[in-house]
Structure formats: C-alpha cells, structure tokens
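Visitor: The structure's right below; bear with me while I get my questions together.
The values are calculated or read from the model by the stated rules, or taken from the named source; none is laboratory data. Fair warning: this is a prediction, and the values are worked out from it, not measured in the lab. Please note: Cβ atoms are built from the backbone with ideal geometry, for glycine as well, and neighbour counts cover all protein chains shown.
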Amino acid sequence: MDIEESIGYTFKNKSLLDEALTHISYAHEKGIKSNEKLEFLGDSILEFISSKYLYDKFPKLKEGELTKLRAQVVCEDSLYEVAKKHNISQFIKVGYSEALSGGKNKPTILADSIEAIIAAIYFDGGLDEAEKFIIDNLAESMEIASHNVGQKDYKTVLQEKLQKNGDVHIEYKVIEEKGPDHDKIFTSEVIVNGKILASGTGKSKKLAEMQAARKALEDNKSK
C-alpha cells in the first residue's frame, strides 16, 4: 500500500507530499526544502480543527475540560500513533547520520511529519480535506479521552490522599528504560518521604508515573 492510499488522500501536487516527508536533516544534505514550515502550519490547523470538533461534539463540557481533552489528543503520543498506523517511517526521508541513529522511527520526527502532511493536504485540497484527515485519524482517540474528562488523574488523587494530614515529599523516579528508541518501555517508582510505595511501567515516563500512582492507590486500598 502506498502512502496516499493509506492516508486516504491523493495529491494533485505530489511535491507537497514529498516536502511533508522531508526531514530537515535530509533537506540540509540535499539543499532542498524541509517539512518544518509545513509542520508549523499543520500544528495550527490541527489545533483549530480539533477545537472545533470538540466544541461541536461535546457541548456540555466546560472550557477547561475541552482544553484538557484537546491536550490529551493533540500531542506527540497521539500523532506518533497516527504515523505508525500509516507506516510513515517507510516514507519519511532523513539524513544519513539521523538514519544511523534510528531517525526514521523517532516519535518526534514521525509526529511532526503528520502535522506537515496536514498542512500539505490543506494546500493541495483545502480545509475540508485536511479536516477529514484529522477527524478520520483522531476522532476515536477524542471519544476515548472524553470518558475521563473531569476526573482527576492518579497522581493528583494520590497527592491529595497523602497530603491530607500534612505535607509529604512525593517524587517519581525512572528506574529502568528498555527497548529501542521508537518503542521504549519505562519503569518508574513513586517515592514518599524516601520510602518506595509502588512502581509502574508505560510507553512514556508520564504513563509509567501514572501507573505507579495507580498501583500505590490500589495497594493502599487493600491495606
């Protein structure tokens, strides 16, 4: 499957797609345009379209809840998942040294390429086509994230519980990283006043910390 078939959009101007898939490291080597400016515009289009979608889809949510929901979905992790879905690593062009360091699979590079593709679609087919691509790829994530809006996350709940009877020192520490750069697994510990309460794992430091807090809350309940 080629990239246009995968993303569901056929470019009239193929050079726009080519530019969207050109990382700055490759552009410097070849003396051509990189996807940085497209990425800049794509970021703004993504924020606008996702904001509009959330505004219409969840009319009962307050402004702060909509902001929190958008931040959960319009982020590197979500865009990286979109890039993996469309096998962008097969098509992205990176420079020689970047390729040697696994650049074709780096979450930041792949997530940025999705923003560049959004802008390329906008220039080639207009805002409606860019909106279709965004909603097709992120609507499900927005729906899932909306189920937790208004609820406090595990770290906040744990902090409130532990500090109920006075100040305590809470810290999260990454104790292990496993796997290649594009697919790392982190293990974090939550430590309170120097005592390890629990540990958790996740595909990002934030998720590992959340899982550690969740485990600490569960352990506390069972005591």
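Visitor: Could you grab the pairs with beta carbons closer than 8 Å, sequence gap of 6+ or different chains, first residue in the range 73-96 and at negative phi, second one outside any helix (DSSP H, G or I) and at pLDDT below 95?
Guide: That search, which allows pairs on different chains as well, returns D77/K203; D77/S204.
Visitor: In the set E209, E189, E129, E160, which member is part of a helix (DSSP H, G or I) and modelled with pLDDT of 95 or more?
Guide: Going through E209, E189, E129, E160 in turn, just one is part of a helix (DSSP H, G or I) and modelled with pLDDT of 95 or more: E129.
Visitor: Output the qualifying pairs, or none if there are none: Cβ atoms under 8 angstrom, residues six or more apart or on different chains, first residue in the range 198-213 and assigned by TED's automatic domain parsing to the domain that holds L162 and closer than 15 Å to E171 by Cα, second residue assigned to a helix (DSSP H, G or I) and among the basic types (K, R).
Guide: A198/K215; S199/K215; G200/R214; G200/K215; E209/K155; M210/K155; A213/K155
Visitor: While we're on this one: Look at K37 and say whether it is in a helix (DSSP H, G or I) and surrounded by 15 or more Cβ atoms within 10 Å (Cβ to Cβ).
Guide: No, not satisfied.
Visitor: With (1) within 25 Å of Y53 (Cα to Cα); (2) crowded, with 20+ Cβ neighbours inside 10 Å as the list, and A139 as the residue in question, which single condition is left unmet?
Guide: So the condition that A139 fails would be (2).
Visitor: Filter the range 158-186 for residues that are touching a strand residue (DSSP E or B) at 6+ places or on another chain (Cβ under 9 Å) and either under 25 Å from I109 (Cβ atoms) or in the same structural domain as E81 (by TED's automatic domain parsing) (or both); which is surrounded by the most Cβ atoms within 10 Å (Cβ to Cβ)?
Guide: My answer is F186.
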